[in-house]
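Here the structure comes first, spelled out in structure tokens, and everything after it is commentary.
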Amino acid sequence: EDVSLTEGLTSEAGVAGTQFVADLFQEDGVFPPSAPNDGFQEIIGAFKAGKTAMTIHHIGSANGMVEALGDNVSAAPVPECGGGHWTAFGDESTAVLSSAEDPEAAWKWITFLSTEGNNTMFNEATGQLPVVKADSESWTLHPQRFVQATVDSLPFAEMLPNSSATADFVNTAWPTNMQRVLTGDIEPAEMNAKIEELFAE
């Protein structure tokens, strides 16, 4: 059963998904013992130090990983689970807001950023990948194996909900409540209910 952040989180399938993650830590011991309290730096640091074998991140950490681990590190699309794949796409993007004072000028700026050569310079500054094929095909700022894993992930990459609640979900609601689930402070159903409530507001 498909479950999204805005629909189905408190269903049996939604709670089972969160329980599965909790069991990976509590029962199977496949997360580091420090996982409930680890932030991004700790997660990446443990991977670079060889304490963890896999982690999920975007291409922004590729060069640091290769600097630390050389040819012993690579990337792959997220594994299939329950008959499908899912990964987040586009946490950084450009858009013309409906409230823009000069939508035409905003569109011209986005067009400029999205043209060949300009898109390369933009992404050299942001550390992400070009969206223009002519620029991505000659991209050398990240190892090709990481670029290929990113390209191979595009068919099942989706945006997080276009909602003002998404920032709160990413920064606070999910990490805080997932920490509480991992430590046994709350049940998976309670975490899912809190997230569902956040997006229902």
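Overview of results
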read-out	value
Residue in the range 32-43 that is among the charged types (D, E, K, R) and either under 29 Å from residue 148 (Cβ atoms) or at pLDDT below 90 (or both) present	yes
Matching residues in the range 172-188 - criterion: being surrounded by fewer than 17 Cβ atoms within 10 Å (Cβ to Cβ) and either part of a helix (DSSP H, G or I) or aromatic (Phe, Trp, Tyr) (or both)	172, 174, 175, 176, 179, 180
Qualifying residue in the range 121-139 (condition: closer than 22 Å to residue 88 by Cα and among the basic types (Lys, Arg))	yes
Residues of the range 18-54 that turn out to be on the phi < 0 side of the Ramachandran plot, out of contact with any Lys or Arg (no Cβ under 7 Å at 6 or more places or on another chain) and free of Cβ contacts under 8 Å to residues at least 40 places away in the same chain, as a count	24
Test for residue 164: is it within 30 Å of residue 2 (Cα to Cα), without any contact (Cβ under 8 Å) to a residue 40 or more places away in the chain, of a type in the set (Ser, Thr, Tyr) and surrounded by 15 or more Cβ atoms within 10 Å (Cβ to Cβ)	no
Where residue 130 falls short, out of the listed (1) in contact with a Phe, Trp or Tyr (Cβ under 9 Å, 6 or more places away or on another chain); (2) surrounded by fewer than 17 Cβ atoms within 10 Å (Cβ to Cβ)	(2)
Unmet requirement for residue 81, which otherwise passes all of (1) surrounded by 11 or more Cβ atoms within 10 Å (Cβ to Cβ); (2) within 17 Å of the chain's Cα centre (by Cα); (3) more than 14 Å from residue 145 (Cα to Cα); (4) of a type outside the set (A, V, I, L, M)	(1)
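A quick yes/no check of all residues on (1) touching a Leu at 6+ places or on another chain (Cβ under 7 Å); (2) surrounded by 12 or more Cβ atoms within 10 Å (Cβ to Cβ):
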position	(1), (2)
3	yes, yes
13	no, yes
37	no, no
53	no, no
76	no, yes
100	no, yes
110	no, yes
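The values are calculated or read from the model by the stated rules, or taken from the named source; none is laboratory data. Just so it is clear, the structure is predicted and the values come from calculations on it, not from any experiment. Because the Cβ atoms are built from the backbone with ideal geometry, glycine has one as well, and the counts that use them run over all protein chains shown.
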